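The values are calculated or read from the model by the stated rules, or taken from the named source; none is laboratory data. Since we're looking at a predicted model, the values are computed, not measured. Reconstructed Cβ throughout: ideal geometry from the backbone, glycine too, with neighbour counts over all protein chains shown. The accessibility values were calculated without ligands, DNA or RNA, using every heavy atom of the protein model including side chains. Shrake-Rupley method; radii C 1.70, N 1.55, O 1.52, S 1.80 Å.
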Amino acid sequence: MIKLVDHLLVQEKLTMIRREGVDGIHFRGGIIEIGRWLAYELTNTLEKEDVTVQTPLGIAKGVRIRDKNDIVVVSVLRAAIPLVEGIMRVFRNAQYGVVGASRKDEPPFPVEVGYFKLPPVDDKILVIADPMLATGNTMNAILDRVKEKGNPRRLVLLNVIASKQGIERVQTEHPDVEIYTCAVDEELNPDGYIVPGLGDAGDKAFGKPYP
């Protein structure tokens, strides 16, 4: 499942942080905000139940999110730190895991997963945060390790920018993964980095120079 988070505020924030010359403070702040929006989108898919609540003037209908305490957020070091900060502002009761992975810059871009520390994942909603999904090699290596550790109820990837190639590679090897992203770019350069283009959501983010 692919979910493109194309809310206008998200797309404006994405446009700002992609601008050449953006300073570190605004870049980090933008990633944090996008992390919050991604978490909001995921929240809409969580299980809920109808409840009632006593107000000062009577009984009102409401809802309770049933599985909000079943979330494990995994940070892919170090790039995901601000993204996870935004996600955790929404999922304040989530458990936390950390993965350290490094990818070589030469094809076929092999990946080494180093530090790997997760709480129990069986029957959990496992949310992996990584800002970029480029070749898909890093994410597939992480997902392989996750599945060795246990059997999550849901596997969710929250990222800011993805390539079509990366999405296809992850879906091929891990078709059960749900991918939430804010932009899908068309291609990778020979070094395995995402080349911006006018793909999905590109008309919003790249229509004319950011002022």
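Computed quantities for the displayed model
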| item | result |
| --- | --- |
| Kirkwood Rh, Cα atoms: Rg over Rh of the chain | 1.00 |
| Integer Hz, Karplus 6.51/-1.76/1.60 couplings in order for the stretch 180-187, x for Gly and Pro | 10, 8, 9, 7, 10, 9, 6, 8 |
| Where the stretch 16-171 is the region considered: accessible area per residue in Å², 1.4 Å probe | 53 |
| Fraction of accessible area attributable to carbon and sulfur, the chain (%, probe 1.4 Å) | 52 |
| Neighbour-limited loop hits for trypsin sites (Lys or Arg not before Pro), the stretch 1-96 (at most 15 other Cβ within 10 Å; DSSP other than H, G, I, E, B) | Arg19, Arg66, Arg78, Arg92 |
| Gaussian network model of the chain, springs between alpha carbon atoms under 10 Å - residue of Asn159, Asn137, Asn69 with greatest fluctuation | Asn69 |
| Amide H contacts of Tyr96 (H built 1.01 Å from N, under 5 Å, at least 5 apart or other chain) | Val73 |
| In the stretch 9-82, the chymotrypsin sites (Phe, Trp or Tyr not before Pro) that fall in loop regions by DSSP, at most 14 other Cβ within 10 Å | none |
| Residues Met16 and Lys117, FRET efficiency given R0 of 41 Å [Cβ-Cβ distance, rounded to 0.05] | 0.80 |
| Relative contact order, percent, the chain [alpha-carbon distance under 8 Å, six or more residues apart] | 20 |
| Nearest-20 debye value, the chain charge dipole, Cβ charges on Lys, Arg, Asp, Glu | 740 |
| Lys/Arg +1, Asp/Glu -1 at C-beta; the chain dipole; positive extreme among Ala141, Ile17, Val51 | Val51 |
| Amide hydrogen neighbours beyond the local backbone of Asp185, cut-off 5 Å, H modeled | Ala162, Ser163, Lys164 |
| Computed magnitude of the charge dipole of the stretch 65-105 (debye, nearest 20; Cβ of K, R +1, Cβ of D, E -1) | 40 |
| Among Asp123, Asp70, Asp185, residue whose mean-square fluctuation peaks in a GNM of the chain (springs only between Cα atoms under 10 Å) | Asp123 |
| Of Ile59, Ile81, Ile31, the one that fluctuates the most in a GNM where the chain has Cα springs shorter than 10 Å | Ile59 |
| Stretchable slack from Met1 to Asn151, in nm (0.36 nm times residue separation minus alpha-carbon distance) | 52.2 nm |
